[in-house]
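These notes are about the structure you will find just below.
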Amino acid sequence: MAAGPRVPRATQVAVITVVLVVVDQATKELALERLSGGRIVDVIGSLRFALTWNTGTAFSVGSGRNLGPLIAVLALGVVAWLLWSGHSATRIGAVAAGLVAGGAVGNLIDRALRSGPAGAPAGFMGGAVVDFIDLQWWPVFNLADAGIVVGAVLLVVVSLISPPDPRPE
């Protein structure tokens, strides 16, 4: 079986980033449309959809301190380093880097373009992140958050099982 053309890993990272950002923003818009006014949708087991606003960092830590944008920019810096260092040279590494980048960009978009909770005015990068996936035993999150967490775990796994490729693409 002939192999198809090899796609550079940076391209894979970019494609995964864009796909996650688009899906994340679409699901947040759907959550805003369907869950406003305190509506809760029970899905299965403890999974439900309930709209919340996150003004802090991951899992609402540091609310009111405006640390979210800084953490997202740091995450993008880590992805840039991963690309430069060769840690994303494997397919799994590229997927992981794309998930972290997509999650960071998705939440940065919220910080930059959304107002605060309930339409409260927000300063530069002071908007709130839309969260809506509620497991009831874990802090409420969104797809960008899930991408960051899954991507970070994959990056740890990749770094443990394979050394970085000394030939970045």
Put in order of increasing Cβ neighbours within 10 Å, starting from the fewest, F141, F49 give F49, F141
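Could you sort 20-26, 98-104, 39-45, 132-138 so that the peptide with the highest average Cβ count within 10 Å comes first and the rest follow in order?
Highest-to-lowest ranking by the protection proxy: 98-104, 20-26, 132-138, 39-45.
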Residues other than V41 with Cβ under 9 Å of its Cβ, Lys/Arg counted +1 and Asp/Glu -1, net out at +2
The FRET efficiency for Q136 and T11, from their Cβ-Cβ distance with R0 = 30 Å and rounded to 0.05, is 0.15
Here FRET efficiency (C-beta to C-beta, V43 to V18, R₀ 25 Å, nearest 0.05) is 0.40
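Every number in this text was worked out from the coordinates using simple rules, so none of it is lab data. Keep in mind it's a predicted model, so treat the numbers as computed, not measured. A quick note on method: Cβ atoms are made from the backbone with ideal geometry, for glycine too, and the neighbour counts reach across all protein chains shown.
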